[in-house]
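The values are calculated or read from the model by the stated rules, or taken from the named source; none is laboratory data. Since the structure is predicted, the reported quantities are computational estimates derived from the model, not experimental observations. Counting neighbours? That spans all protein chains shown, and the Cβs are built from the backbone with ideal geometry, glycine included.
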Amino acid sequence: MANQAIQAPQLTLVPPSSESTPTTTADAKAEPTEERSTIAKVGIGAGATLGLGLLGLGIYRLGMWAGWWGASGIVIDDPIRPDTQPDDAKPDTKPKPNDGGGGGSRGRASGKPPNSSGDPEGYNTELYPSPAPVRLGLKLVGYPVPYSSETLNPNSKANADVTRFQREWNRVIQGIDSGSVKLPSSPPEPKWVERLRGTLDTDGIAGKNTLNALEIAVANHARNLNWRDLVKQAGA
Amino acid sequence: MKTMPPADQLRALGYDTTPAEIRRFQQAYNRLGPERLLAIHGELDRATRAALALAYESRALLSIVRDRSEAGR
């Protein structure tokens with residue numbers, strides 16, 4: 001009875017070696033105490049190592065969640081990113097008034113830039129009633145388009161400066177996720193920093209998503225941070 | 001679209017209609033980097049009226065910039 005209890009962990013925890021495995025019942029009876037002690041030590045050691053590892057991992061994850069390791073309020077680390085579909089897979093038709101793109105634990109480089117105005121047209125029609133303010137917005141954040149009333153996309157042709165803005169926007173958003181772009185921890189208007197999220201098609205067309213991104217870039221540039229600095233940090 | 005009179009556009013943009021204020025608008029407009037710069041003469045000529053219309057369309061965006069300068073940033 002005692003031998004059965006001793007041999008059970010030997011089968012489950014440690015693979016039997018040819019040296020220590022008793023070959024006969026007599027052998028098993030001859031060295032019961034030493035076998036039990038070695039196996040137990042190995043088992044306890046393995047269990048303790050595993051337990052400590054799990055405890056350490058748990059504390060590390062708790063620290064990440066609580067910001068003990070110096071993380072800012074920026075969401076940069078989230079392995080769960082279900083929304084990884086391409087830029088235009090999902091049209092931005094549903095207005096999300098002042099949602100700031102959500103404050104959850106998802107990375108910023110998912111979905112589209114939020115429609116900050118909540119305008120049912122899908123972008124801020126008060127801010128952008130015509131091409132002139134779009135051009136002015138681009139100029140304000142460092143893209144050298146002439147300030148005029150001409151459309152940026154005559155005959156739906158891509159505009160190089162719009163493409164550059166779209167590309168740099170994407171790099172900035174991805175840089176925030178990766179940690180290469182640092183955002184101010186206490187900006188004057190945090191809602192605009194929160195809205196730095198979502199990616200754009202780099203098609204050179206100043207569409208709704210691009211106008212929403214431009215509004216966010218301009219508002220941040222005017223109130224919280226320098227857009228060119230973010231672009232520089234992103235290495236774009 | 002109904003066009004607002006230039007004097008009203010000036011006021012909506014935060015300027016008065018005096019020659020000094022029109023000059024101030026012309027200088028501010030030129031700083032925006034238009035395709036053609038305005039002559040600074042304090043008169044509401046054709047080019048200035050066209051510039052006013054453009055700036056008036058952009059007034060919501062310009063107010064963001066104005067907020068910034070008022071805050072001393």
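Structure data summary
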quantity	calculated
Residues within the stretch B:1-20 that are surrounded by 16 or more Cβ atoms within 10 Å (Cβ to Cβ) and without any contact (Cβ under 8 Å) to a residue 12 or more places away in the chain, tallied	1
In the stretch A:215-236, residue surrounded by the most Cβ atoms within 10 Å (Cβ to Cβ) [restricted to those that are within 14 Å of chain B (Cβ to nearest Cβ) and of a type in the set (A, V, I, L, M)]	A:Ala217
Helices (runs of 4 or more DSSP H) lying entirely in the stretch A:116-214 (those with 2 or more residues that are closer than 27 Å to B:Ala47 by Cβ, within 14 Å of another protein chain (Cβ to nearest Cβ) and free of Cβ contacts under 8 Å to residues at least 12 places away in the same chain)	A:131-140
Test for A:Arg195: is it among the charged types (D, E, K, R) and modelled with pLDDT under 95	no
